[in-house]
1. If I filter the range 40-60 down to residues being touching a residue at least 24 places away in the same chain (Cβ under 8 Å) and within 27 Å of the chain's Cα centre (by Cα), which single residue comes out as nearest to residue 104 (Cα to Cα)?
2. Scanning for something polar (S, T, N, Q) and crowded, with 17+ Cβ neighbours inside 10 Å, does the range 52-72 turn up at least one residue?
3. Inside the range 66-88, can you point out the residues that are over 20 Å from the mean Cα position of the chain (by Cα) and basic (Lys, Arg)?
Amino acid sequence: MAQFDSDQEIQRLAALYAGMEDSQLTAMAEEAYSLTDESRQALGNELLRRGLDIRPNTQEPPSDRPELRRLATVGQFLNMSDALLTKGVLESAGIDSFLRNENTARLSWSNLVGGIMVQVAEEDLEQAQAILEESALDTGWEESE
């Protein structure tokens, strides 16, 4: 198997970029964050060689992917109605909440998986606990996860 030669790749890309129009290089420079290090280096060299005052953009734009958040359990329940009631109280207060083990519990295996858990983002945990305390809802078992 042939070994990757970075210098050879830069030379190959330099020849490729030398054959491109200024507008093509400008477009590539705008999305340089998506290029390999060798591609960015060859592109930068070609822009300098042509005297174009353009710097390759290495800053990736914000992603459209949803942000992953850590969840914390604010209550555990053996029945769906209590879990849904708690979820409703939290959501009416503007706190997103999620049910964990919901489908498994519907199969009457609630005890095996630790019950139905109402979870919120870790950063919302204290506020959620305060809201549930104020509402006098029983949040399930003594010890929450």
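Taken together, the values in this text are just the output of simple stated rules run on the coordinates, not laboratory data. All of these numbers come straight from a predicted model, not from anything done at the bench. Neighbour counts run over all protein chains shown; Cβ positions are idealised from the backbone, glycine included.
1. By that ranking, first place goes to 60.
2. Going residue by residue through the range 52-72, those that are polar (S, T, N, Q) are 57-59, 63.
Filter once more, so that each one left must be crowded, with 17+ Cβ neighbours inside 10 Å: none.
There is no residue in the range 52-72 that is polar (S, T, N, Q) and crowded, with 17+ Cβ neighbours inside 10 Å.
3. Matches in the range 66-88: 87 only.
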